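The values are calculated or read from the model by the stated rules, or taken from the named source; none is laboratory data. Nothing here was measured: the structure is a model prediction, and the numbers come from that model. Cβ placement follows ideal geometry from the backbone for every residue including glycine, while neighbour counts extend to all protein chains displayed. These area figures cover heavy atoms from the full protein model, side chains too; ligands, DNA and RNA do not enter into them. Shrake-Rupley method; radii C 1.70, N 1.55, O 1.52, S 1.80 Å.
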Amino acid sequence: RTDLGRALMQARFNFVERHYRGSLIDVGIGSGAFVELRCNRGRTTYGYDINPAGIKWLEQRKLLMDPYLVTFDAVTLWDVLEHIPNFQLLLANVHDWVFLSLPIFYSAEHALGSKHFRPDEHCWFFERRGLVYAMNLCGFVLVSESNIETELGREDIGTFAFRRLINDNRL
């Protein structure tokens, strides 16, 4: 509910809209602002969270969906992927699009000196090429990226759109 928060949600909404306009699951809903924005714009958006407050918020709106139990066309993972020990299980249920933001490091030294270096919270620390490689191993290719979150004032955050490869390795 801040100016930065509203700008981030709008930037994320615009980023997804450039590529995809169908229904999706927002994993790690935070305040629910992204889900709410998409729903208010006529885009079917479900959510998933491990926080009891987030679960309650989603249940009250009948929008709770477990991405580990269902398959779906698209997922958003805003500041979430780095927290999931085995994110490959989640991505296995995605048919088409993954949109995500997370800290991007330039080297091990950069990671170790970053405010985002949180081994008590983060399971993964990615350089850009490592993220692209990990997503390729999960069957996704990089389609688009942005540094809009850093431009808005967040430190070292990259925003990415990945699309699932078809069996013959063409989009």
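Taking into account only those residues within segment 7-39 that are farther than 16 Å from Ser101 by Cβ and not hydroxyl-bearing (Ser, Thr, Tyr), which is least open to solvent (accessible area, probe 1.4 Å)?
Our first condition is that a residue be farther than 16 Å from Ser101 by Cβ; within segment 7-39, this holds for 21-23, 32, 36, 39.
If we keep only those that are not hydroxyl-bearing (Ser, Thr, Tyr) as well, we get 21-22, 32, 36, 39.
On the way: Arg21: 147, Gly22: 26, Gly32: 0, Glu36: 67, Cys39: 53 Å².
Only one residue tops the list, namely Gly32.
Would you check which residues across segment 40-82 are open to solvent by 70 Å² or more (accessible area, probe 1.4 Å), under 19 Å from Leu100 (Cα atoms) and among the aliphatic types (A, V, I, L, M) and list them?
Within segment 40-82, Ile50 is the sole residue that qualifies.
Restricting attention to segment 18-52, which residues are within 23 Å of Ala7 (Cα to Cα) and in a helix (DSSP H, G or I)?
Taking segment 18-52 as the starting set, the residues that turn out to be within 23 Å of Ala7 (Cα to Cα) are 18-49.
Those that are within 23 Å of Ala7 (Cα to Cα) and in a helix (DSSP H, G or I): Ala33, Phe34, Val35, Glu36, Leu37, Arg38, Cys39, Asn40.
Do the conditions hold for Phe34, that is, is it modelled with pLDDT of 95 or more and within 23 Å of Val143 (Cα to Cα)? It would help to see each step written out before you state the result.
On the way: modelled with pLDDT of 95 or more: yes; within 23 Å of Val143 (Cα to Cα): yes.
When the stated conditions are applied, Phe34 passes them.
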